[in-house]
Amino acid sequence: MLQVRGISHAFGEREVLDGVSFDVPAGVLTGLLGPNGAGKTTLMRIMFGVLDPQAGETRWQGQPVTSAALRRWGYMPQERGLYPAMPAGDQLVYLARLHGVDKDAATRSARDLMEELGLADRWSERPDKLSGGMAQRLQLAAALVHGPEVIVLDEPFAGLDPVAVDELSSTLADRVRSGMTVLFSSHQLDLVQDLCESIVMLNDGRTVLEGRVADLRASSGRRQLRLTLTGSGRGWLTAFPSVTIVEDRVDDLRLDIPPGTDPLAVLDAARTAGHVSDFGLDQPTLSQLFMSAVGDLAVVS
Amino acid sequence: MSTSSWWEGTRLVAARSLSDGARSRTMRITTLILLLIGMAVVFLPRVLGGDQPTYTLATVGPVSPAVQTQLDAAGQAAGFGVEYLGAADTQAVEFAVREGDATVGLADTIMYVRSDAPGAFPVMVAQAVVAQESAGLMLEAGLTAEQIGRLASIPPPDQVEVGPVEDEGRAAVGFVVGIILYMGIMFSGQMIAMNVGMEKSTRIAEVLLAVLRPSQILVGNVIGIGIQTLVQLLVLAVPIVVALTVADGGLDLPSVAAGDIGLGVAWFMIGYVVYAFLFASTAALVDKITEVGSAIMPVTIVLVLTYVGAVVLVPMDPNSPLSITMSMFPLTAPMAMPIRWAAGVVPVWQLLLSMGLAIATAALLARFGSRVYQRALVVTGRRLKLREVLPERT
């Protein structure tokens, strides 16, 4: 279990983190979410001892994190994080050895990982000559090559095409299943809501939501009613003052149904007013949960 | 962290930056060019006939065989050539000397010497003439040719030069050592700066900082690039040193030069370390690698001014208060001291003190640089000012 306890940090007058606490259990793919500037990268740097927090600490297996423990962690910073001109394989061996792996074991591990990630024939290639997707996989390999117990990834999905997102998330899911503790950050809340099991959501340096994604979405009590409706205006909605329109495009209508209002009553009213050719009931998305958690002031990208 | 694991991580960083250099094409080309320069210094003078001087003796009619034999033998021993010019009469001899066609002219009992003639040659001509005259007198006095020959072969005492140490040859060595030091420190300093800028802008620095201390990354890079530059300096120096040690190397360097060159290498290492940490910590302020040049500008300017000061001001008066200050102050000492030392006026205690001060400064700069480096590396997205990351006073 990885535990973050009461971490606060300020750059001069600007407070970036304010008493952030959460747990990352082993075997649960956990996302650290929040808009740009929420303090995610700073928090990760503090977890790795790159920055010293002004208060709080990170604990691993119940103990404060030591530099010896950090050697068994892997970190993948946002973008790049590789020597542009150093051959891919040598680079992995070098990083593994910095984490205390001996040369032979490092070479074996680098070969296995490159094989697994489809980079087997790229050992001598320079990273700056690799395609975006391959560079991303090499970077992941760099974080995994020393066989870490904990891996922390900063915005691993940013800028990836859907196929690459899929590949990366299934690689991470494999590691989680094998018992690794995995934490990754993202500002694309809706992209990752189906990828991670558990989330911690930060805004302005504070934790605003924490828990299993399924629980959070179900427990909010809010529902969204999706309707494809012809032959009616929107006048029938006045009967439900608490229901708000999320989206309204020609025939497609998406409504936010707050707790205490029966979505089926709304559906019935719609069917009376016009012809409903399709409908569905959805749980709120992570960005909607985020919005309702922080109020309308926050801007979610 | 134990010392051994500190060294282990530092060694890995150094080895990586060394192999990075070995892979770089720029690096290989510069090394090849340096090797060619080193070899050119040794071989060009021979190819171009070296700087073996040739003197000309003008005489009325052909030169006497006895004088010629003696002068040729002297030339062979002292490393100069002699040419002979037969002129029609006394006036023609005088004319040839005045016009520069001859170094020395002989007519009857008069020896014409150009006012700028090298001191040794006229003396040798005079000796040859005197020897010829005395041989004639001795023959008349009844000595046999064999006895005269024995008299002529009495060797003169061995000559040892004991003039003041401040000689021009050594000063020239100091000048050359100065240029090489300057170029070596500038070149390697920029390489360190590029390395630090690259590690920061690619965010590798964060991965490294998660497992290494800033001092390990910094010192590792400084050692790796230092070795690389030292190897290049050796590539430049080896042909010259070999030529100096092999007999008849054809290089006319003063005998003290080998020591001066050795001291130059020591000063390179000290100066390199002092400046390397300055280059590294200022380069850590950049956001993009293209900003490295302007970020290290203050250090570059100090280095250029130091060099210019050292080669212009110090040789003018190596013992002036300014020269002494420059050779003691840790930032200027690495270039000012070798030049002052080569001029031969520095007491050993000054040399040692100056080295000690520079080494102590390098150690302080390593600590200071590590702090700046750690703070600057984690602020990305904009270029930093030095005072934003200066360690606070505690």
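Every number here is computed from the coordinates shown, using simple stated rules; none is lab data. All values derive from a computational prediction rather than experimental measurement. Neighbour counts are summed over all protein chains in view; Cβ atoms, including those assigned to glycine, are modelled from backbone coordinates with ideal geometry.
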### Query
Where Rh denotes the Kirkwood radius from the mean inverse Cα pair distance, what is Rg over Rh for the stretch A:197-285?
1.08
## Note on the structure
Note, the stretch A:72-89: 3J(HN,Hα) by Karplus (6.51, -1.76, 1.60, θ = phi - 60°), whole Hz, Gly/Pro = x, goes 9, 10, x, 10, 10, x, 4, 6, 6, x, 10, 6, x, 9, 9, x, 3, x
### Query
Taking amide H positions as placed 1.01 Å from N in the peptide plane, with prolines and chain starts having none, which residues 5 or more places from residue A:246, or on another chain, fall under 5 Å of its amide H?
A:254, A:255, A:256
### Message
I need the GluC sites (Glu not before Pro) found in the stretch A:1-70, filtered to DSSP loop residues with at most 12 other beta carbons within 10 Å of theirs.
### Response
A:13
### Farthest toward positive dipole pole in the protein assembly as shown [+1 Lys/Arg, -1 Asp/Glu at C-beta], among B:237, B:30, A:73
A:73
### Query
From the residues A:25, A:8, A:96, which one has its Cα farthest along the dipole of the stretch A:1-96 in the positive direction, the dipole being from +1 and -1 charges on Cβ of Lys/Arg and Asp/Glu about the Cα centre?
A:96
### Summary
For residue B:107, the net charge from surrounding residues (Cβ-Cβ under 11 Å; K, R +1; D, E -1) works out to -3
### Task
Sum -39500 (n - 2.57) across every DSSP H segment of at least 4 residues in chain A, then divide by the residue count to get the 222 nm mean residue ellipticity, nearest 500.
-9500 deg cm²/dmol
### Query
How big is D, in µm² s⁻¹, for the stretch B:1-42 by Stokes-Einstein at 25 °C and 0.890 mPa s if Rh is the Kirkwood radius over C-alpha pairs?
198 µm²/s
#### Entry: Global size of the stretch A:45-99 as Cα Rg and Dmax, reported in angstrom
13.8, 40
### Task
List the relative contact order of chain A as a percent without decimals, with contacts defined as Cα pairs under 8 Å and 6+ residues apart.
21 percent
### Message
Give me a comma-separated list of calculated 3J(HN,Hα) values for the stretch B:18-25, in order, Karplus coefficients 6.51, -1.76, 1.60 applied at θ = phi - 60°, integers in Hz, x for any Gly or Pro.
### Response
5, 6, 4, x, 5, 7, 6, 5
### Query
Karplus couplings for the stretch A:151-162 from phi (6.51 cos²θ - 1.76 cosθ + 1.60, θ = phi - 60°), rounded to Hz, Gly and Pro as x?
10, 10, 10, 9, 6, x, 9, 4, x, 8, 7, x
### Message
As an exercise, use a Förster radius of 22 Å and the Cβ-Cβ distance of residue B:368 and residue B:11 to find the FRET efficiency, rounded to the nearest 0.05.
### Response
0.45
### Task
Give me the percent of Cα-Cα pairs in the stretch B:267-362 that sit more than 18 Å apart, rounded to a whole number.
46 percent
### Task
In whole Å, largest first, what are the principal axis extents of the Cα atoms in the stretch A:237-284?
26, 21, 18
## Note on the structure
Surrounding charge for residue B:139, neighbours by C-beta under 13 angstrom, Lys/Arg +1, Asp/Glu -1, total -3
### Query
Long-range amide H contacts for residue B:83: which residues qualify at under 5 Å (H placed 1.01 Å from N, peptide plane, sequence gap of 5 or more or a different chain)?
B:55, B:56, B:57
### Task
Please work out the Cα center distance from the stretch B:271-312 to the stretch A:4-64, rounded to the nearest Å.
36 Å
## Note on the structure
In debye to the nearest 20, the charge dipole size for the protein assembly as shown, taken about the Cα centre with +1 at each Lys and Arg Cβ and -1 at each Asp and Glu Cβ, equals 2220 debye
### Query
Given q = 0.13, 0.15 Å⁻¹, what are the Debye log10 I(q)/I(0) values for the stretch A:4-131, with equal point scatterers placed on the Cα positions and solvent ignored?
-0.71, -0.89
#### Entry: Nearest-ten-degree value, helix A:103-116 long axis tilted from longest Cα axis of chain A
30 degrees
### Debye, to nearest 20: dipole size of chain A, +1 on Lys, Arg Cβ, -1 on Asp, Glu Cβ
500 debye
### Task
Provide Rg over Rh for the stretch A:95-136; use the alpha carbon set for both Rg and the Kirkwood Rh (inverse mean inverse pair distance).
1.01
### Message
About the Cα centre, and with charges only on the beta carbon of Lys, Arg (+1) and Asp, Glu (-1), how big is the dipole of the stretch A:97-195? Nearest 20 debye, please.
### Response
400 debye
## Note on the structure
The simple spin-label model distance between residue B:23 and residue B:140, using points 7 Å out along Cα→Cβ, in nm, is 8.9 nm
#### Entry: Long-range Cα-Cα pairs in the stretch A:1-45 (distance over 16 Å), rounded percent
42 percent
### Query
Considering the Cα trace of chain A, what is its radius of gyration and what is Dmax, both in angstroms?
22.9, 74
### Summary
Percent relative contact order for the stretch A:1-139, counting Cα pairs under 8 Å at least six residues apart, stands at 21 percent
### Task
Principal axes first, then extents: for the Cα atoms of the protein assembly as shown, list largest minus smallest coordinate on each axis, whole Å, largest first.
154, 51, 47
### Query
Over chain A, what is the percentage of antiparallel beta bridges among all DSSP beta bridges, to the nearest 5?
70 percent
